[in-house]
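Since the structure comes first, as structure tokens, the remarks are kept for the end.
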Amino acid sequence: MSNMQVTNSSTTLRSAAFAPSNIALTKYWGKRDARLNLPLAPSLSVALAELGSLTIVQPAADLVEDVMLVDDKPLDDAGMVKLRRVLDIIRQKSGSTLYAGLRSVNTVPAARGLASSASAFAALALAASHAYGLQLSPQELSVLARTGSGSASRSTAGGFALWHQGQAEDGSDSFAEQILPPEHWPLRLLIARVCDERKAVSSTRGMAQADTKSLLFAAWIDQCQRDVVDCRAALEAKNMRKLADIVEGNALAMHATMMAARPPLLYWRPATIAVMHTVRQLRSEGADCCFTIDAGSSVVVLVEPQDARPVADALAAIDGIEEVIQTRIGGGARLLPGGQD
Ligand code: PMV
């Protein structure tokens with residue numbers, strides 16, 4: 001990370017953090033408060049070991065505004081609004097008025113339904129709170145990350161994480177915690193990348209559309225409440241067949257809700273559907289695997305280690321699959337020593 005110097009700063013405060021991306025096993029798709037990213041249902045996820053964001057934060061007296069580079073490019077306007085929201089909370093808590101220079105490197109392809117915003121805001125929350133001298137509890141850190149991007153609340157926790165819906169109006173009880181460590185069930189994750197187009201509709205916009213305009217929305221939220229309970233039980237029992245029913249059913253129900261919105265949202269490409277059929281076929285032949293899909297066309301497959309190789313090979317052979325990335329379940333957000341490269 002030797003190119004991660006933050007320039008144009010005159011103070012010595014500097015913190016760096018890594019946070020993993022995460023993939024929801026039961027999804028967050030619907031908000032009770034759009035400003036605070038408060039969900040209408042709890043959700044469950046797994047963290048991706050080395051796929052995520054590395055972020056360096058340096059508050060500096062000579063900056064007249066916050067400056068953020070993501071993969072060496074200035075962050076777009078929508079991203080800056082969310083970033084400032086998180087930094088303003090930190091400044092308010094710490095009593096500092098300093099702006100910050102930030103740089104982030106993503107190891108997750110952005111905006112292809114692979115939740116790069118989850119790792120980005122989790123890494124930001126940890127690095128920035130540390131740079132401004134705050135020592136947040138795991139719960140407070142998750143709440144802070146959530147204000148940038150809802151799913152980021154689960155990336156701070158890592159492993160198998162449960163994001164509690166919460167009841168409080170200020171969102172203080174809507175946080176994620178690790179319910180099982182990564183080693184509980186060392187599944188492999190295969191990310192079947194479908195196409196190189198950036199997705200047309202962001203999750204923020206898509207969720208607002210589904211929320212107010214999908215005729216299936218109320219039923220979807222009820223289903224999520226039940227799926228979280230059943231998914232947790234399947235994880236605890238390490239029961240892949242049961243997990244497959246819930247995880248695939250939940251992802252398909254979320255996409256059905258999107259498709260039933262006005263205007264309808266359709267993220268899938270032909271290869272998305274081909275991957276789903278292939279996974280089901282392989283499972284019927286004995287492979288322990290199941291799929292899920294976020295707000296994009298790519299598909300993530302959970303698979304027992306002994307079946308990872310043949311399943312990955314079968315996915316890579318599908319027309320329209322650009323690559324299959326293999327990873328494991330990992331821990332949560334962590335500070336990098338001294339904020340050094
Ligand atoms: O946190 P956001 O605004 O990027 O929304 C994430 C939405 C999904 O990835 C589709 C589902 C989820 O629970 O991660």
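The values are calculated or read from the model by the stated rules, or taken from the named source; none is laboratory data. Here the structure is a predicted model, which means the values were calculated and not measured. Counting neighbours? That spans all protein chains shown, and the Cβs are built from the backbone with ideal geometry, glycine included. These accessible areas exclude ligands, DNA and RNA; they are computed on the full protein's heavy atoms, side chains included. Shrake-Rupley method; radii C 1.70, N 1.55, O 1.52, S 1.80 Å.
Note that the chain, at 25 °C in a medium of 0.890 mPa s, gets a Stokes-Einstein diffusion coefficient of 122 µm²/s from its Kirkwood radius over C-alpha pairs. At the residue level, E65 shows approximately 100 square angstrom of accessible surface with a 1.4 angstrom probe and all protein chains present. The phi-based Karplus calculation (6.51 cos²θ - 1.76 cosθ + 1.60; θ = phi - 60°) puts the 3J(HN,Hα) values of the stretch 65-75 at 7, 6, 10, 10, 10, 10, 6, 6, 10, x, 5 Hz, whole numbers, x for Gly and Pro. A simple rule links phi to the HN-Hα coupling: the Karplus curve 6.51 cos²θ - 1.76 cosθ + 1.60 with θ = phi - 60°, which for the stretch 124-133 gives 4, 4, 6, 5, 6, 4, 5, 4, 8, x Hz, with x for Gly and Pro. Charged neighbours of G171, selected by a Cβ distance under 13 Å, balance to 0 (K, R count +1; D, E count -1). Here the stretch 188-328 exposes an accessible surface that is 52 percent carbon and sulfur, computed with a 1.4 Å probe and the other protein chains kept in place. When the solvent-accessible area of the stretch 5-184 is split by element, carbon and sulfur atoms take up 53 percent of it, the probe being 1.4 Å.
In summary, the stretch 5-184 shows an alpha-carbon radius of gyration equal to 0.96 times the 2.2 N^0.38 Å reference for compact globular proteins.
The overall shape of the stretch 188-328 is oblate: from the C-alpha gyration tensor, with semi-axes ordered a ≥ b ≥ c, the ratio a/c is 1.5 or greater and a/b is no larger than b/c. For the options N250, N37, N239, a Gaussian network treatment of the chain with springs between C-alpha atoms closer than 10 Å singles out N239 as fluctuating the most.
Placing unit charges on the Cβ atoms of the charged side chains and taking the dipole of the chain about its Cα centre, the candidate lying farthest along the positive direction among T204, P74, P310 is T204. For the residue pairs K82/K242; K31/K93; K213/K238; K93/K213, the C-alpha atoms sit more than 30 angstrom apart in K82/K242; K213/K238; K93/K213. Simple spin-label estimate for A34 and T97 gives 3.3 nm between the two label positions (7 Å along the Cα-to-Cβ direction from each Cα). Accessible area per residue for the chain, computed on protein heavy atoms with a 1.4 Å probe, is 41 Å².
One chain, two ends: A256 and V64. Fully extended at 0.36 nm per residue, the span grows by 64.5 nm beyond their Cα-Cα distance. Dipole magnitude for the chain: about 380 debye, using +1 per Lys or Arg Cβ and -1 per Asp or Glu Cβ, origin at the Cα centre.
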